[in-house]
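Below is one structure, written out as structure tokens, with a few remarks after it.
The values are calculated or read from the model by the stated rules, or taken from the named source; none is laboratory data. None of these values were measured; they are calculated from a predicted model. Cβ placement follows ideal geometry from the backbone for every residue including glycine, while neighbour counts extend to all protein chains displayed.
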Amino acid sequence: MVYLIVLAVLVILLLVLSGASVKVVRPFQRGLVERLGRYHATVDPGLRMIVPFVDRMIRVDMRESVVEVPPQEVITSDNVVVSVYAVVYYEATDPRRLIYNVSDFMKAVTKLAQTNLRNVIGDMQLDEALTASEMVNSRLRDILDDATDKWGTRVVRVEIQRIDPPADVVTAMHNQMRAERSRRAVVTEASGLKEAAIAKAEGEKQSAILQAEGVKQRQVLEAQGEADAIRALAEAERYRQETVATGEAEATRQVYAAIHDGQPTNDLLAIKYLEALKAIAKGRATKIFLPTEATAALGALGGMAELLKDATGNSDGRAPTRAGQS
């Protein structure tokens, strides 16, 4: 019976020792092994063995974590008190420094974030702080990352959740926003009216220019048409005169050719001359101009004398005799 009790105690003691010596480190953790109160080693994830009652293991979470910064009242450079809400994302890079270099990392990083929020936003005006959240986030991340590096952590990013101004400031901002929108609406409407007036004036100007160009083109075309018509009439008149002159010249040539071919005598010329004088005398002219050439006048008188002589010779009823007959 005593042996069974001793055996049971040994089994229980063995189980206790086994449970104290076998440790499991999860994939997202690192283990810090302390031996007799001093740092001994850092172990990776997996099944690890330590010396019971001599070694102690501290597990450190290496995942990215978030710290919510409590609301912080900050006075901006234009003397407006605002409440700032922010969160800090960090991850452990050295589990040994994270455990041994800071006693309460969560509290330390929270206070550090609050202090730097006052410093960063306190140097800005309210409008700038409300609109430049990316710049504020970047500055806070750089400051916190540099300050927490000795604690074995890395600040991944800092996000400003919201900035709450006082109620009266919010009302004033809303009024300012409405006034600004009203001003923009008036400016936009005035700009539209101005552009419409300019477009209308440009249209009227272009219309007047086009009308003037149309009148000019019409006048030019009419002048060109009249010039072409006058040119065509002149060409037709010239052609008519040339044709008439050519016909008259041809007729004159034919008349003279016929006269020369007929070999007219002086008697015939004298008769024609007298017929021409008779036609002239029948006209309405009060003055008659006769040829001044002496030879022509004598020739004409000689021709008339011969005609009178022939007429006298034939008055006795005898026929005229030919030259060379008795």
Query raised in the report: Of all the residues that make up region 22-34, how many are of a type outside the set (A, V, I, L, M, F, W, C), at pLDDT 90 or above and in a strand (DSSP E or B)?
Result: 4
Report task. Please find, within region 114-134, the residue that is nearest to residue 81 (Cα to Cα) out of those that are touching a strand residue (DSSP E or B) at 6+ places or on another chain (Cβ under 8 Å) and not small (Gly, Ala, Ser). Result -> 126
Report task. Determine if region 136-153 includes at least one residue that is in a strand (DSSP E or B), touching a residue at least 60 places away in the same chain (Cβ under 8 Å) and surrounded by fewer than 19 Cβ atoms within 10 Å (Cβ to Cβ). Result -> no
Query raised in the report: With respect to residue 56, is the statement that it is loosely packed, with under 13 Cβ neighbours inside 10 Å, basic (Lys, Arg) and either farther than 13 Å from residue 164 by Cβ or at pLDDT below 90 (or both) true?
Result: no
Query raised in the report: Would you say residue 86 is under 22 Å from residue 170 (Cα atoms), out of contact with any Lys or Arg (no Cβ under 7 Å at 6 or more places or on another chain) and at pLDDT 90 or above?
Result: yes
Query raised in the report: residue 88 passes all but one of (1) without any contact (Cβ under 8 Å) to a residue 60 or more places away in the chain; (2) in contact with an Asp or Glu (Cβ under 9 Å, 6 or more places away or on another chain); which number fails?
Result: (1)
Query raised in the report: So which residues in region 122-135 are under 14 Å from residue 78 (Cβ atoms) and touching a residue at least 24 places away in the same chain (Cβ under 8 Å), if there are any at all?
Result: 122, 123, 124, 125, 126, 129, 130
Query raised in the report: Within region 63-89, can you find the residues that are on the phi < 0 side of the Ramachandran plot, surrounded by fewer than 18 Cβ atoms within 10 Å (Cβ to Cβ) and not in a strand (DSSP E or B)?
Result: 63, 64, 77, 78, 80
Query raised in the report: Only one of these conditions is not met by residue 174: (1) within 30 Å of residue 66 (Cα to Cα); (2) modelled with pLDDT under 90; (3) of a type outside the set (Ser, Thr, Tyr). Which number is it?
Result: (1)
**Report entry** Residue check for residue 168: surrounded by fewer than 10 Cβ atoms within 10 Å (Cβ to Cβ) and either on the phi < 0 side of the Ramachandran plot or not in a helix (DSSP H, G or I) (or both)
**Finding:** yes
